Amino acid sequence: MKTNASALIVPDKTSGADTNDIRGIKGPLDIPSGWRWLWWGLAALAVGALAWWLWRRRKQKQAAPVPQIVIPPHELALEKLREALTLIGQPRPFCTAVSDALRVYLEQRFQFRAPERTTEEFLDELQTSALLTFDQKQTLGEFLMRCDLAKFARYEPGESELRQLYDAAVRLVEETQPPPPAAEAGADSRAQPTAIS
């Protein structure tokens, strides 16, 4: 049997021609100077400080309380009384709505505990108070008694009588509402004499 010598080639491990063990020499590495690291560090600090400031500002805006609009008690009472006018065809619900609006107003305006008391208890407390005039106390007493007749005694007043009740409630609210701040300031400046130089 004849063998072909060129068909069978075994690489020689000792020659090193086919191996990648030794590589070429590379050039020197560029090591950044300390100044470049300083600038990158300062830039990172500036970005961090800006992010922190924006976060704090957003948090403060979210935490800031939203100013609530305070509606004065007399305006609320007048609005409730206007709403009660839609019930004028139904005496009992009308009288309940008008009476409740006035009682809540008196509690908010003068700190009377009107809504949680009976009419008699409330009128007894009212007699010792100096916050209302004698005429206002009488008007209020008559108003509450007439409302109680419609609410509890099944009395059904006519529309003209219901309008009188409504007008009495509106008049009492308007008489007892606090004066506007501009009027108080004007009255104070007129009451004090000015120095003439």
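Quick rundown of the values:
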{"quantity": "Low-density loop positions, chymotrypsin sites (Phe, Trp or Tyr not before Pro), segment 41-86 - DSSP coil, at most 14 other Cβ in 10 Å", "calculated": "none"}
{"quantity": "By average C-beta atoms within 10 angstrom, highest first, the peptides 99-105, 128-134, 174-180", "calculated": "99-105, 174-180, 128-134"}
{"quantity": "Relative exposure of VAL98, VAL70, judged by other C-beta atoms within 10 Å (fewest first)", "calculated": "VAL70, VAL98"}
{"quantity": "Set of aspartates and glutamates near LYS151 by C-alpha distance (under 13 Å), chain-local residues within fewer than 8 positions excluded", "calculated": "ASP100"}
{"quantity": "Ranking of LEU42, LEU29, LEU87, LEU106 by count of other Cβ atoms within 10 Å, fewest first", "calculated": "LEU29, LEU42, LEU87, LEU106"}
{"quantity": "Restricting segment 46-128 to GluC sites (Glu not before Pro) in coil, as DSSP defines it, with at most 16 other Cβ within 10 Å", "calculated": "GLU116"}
{"quantity": "Ranked list, fewest to most other Cβ atoms within 10 Å of each Cβ, for ARG58, ARG92", "calculated": "ARG58, ARG92"}
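Readers should treat all values here as calculations from the given coordinates under stated rules, not as data from a laboratory. What you are looking at is a predicted structure, and each value in this text was computed from that prediction instead of being measured. Every residue, glycine as well, gets a Cβ built from its backbone with ideal geometry; the counts of neighbours run over all protein chains shown.
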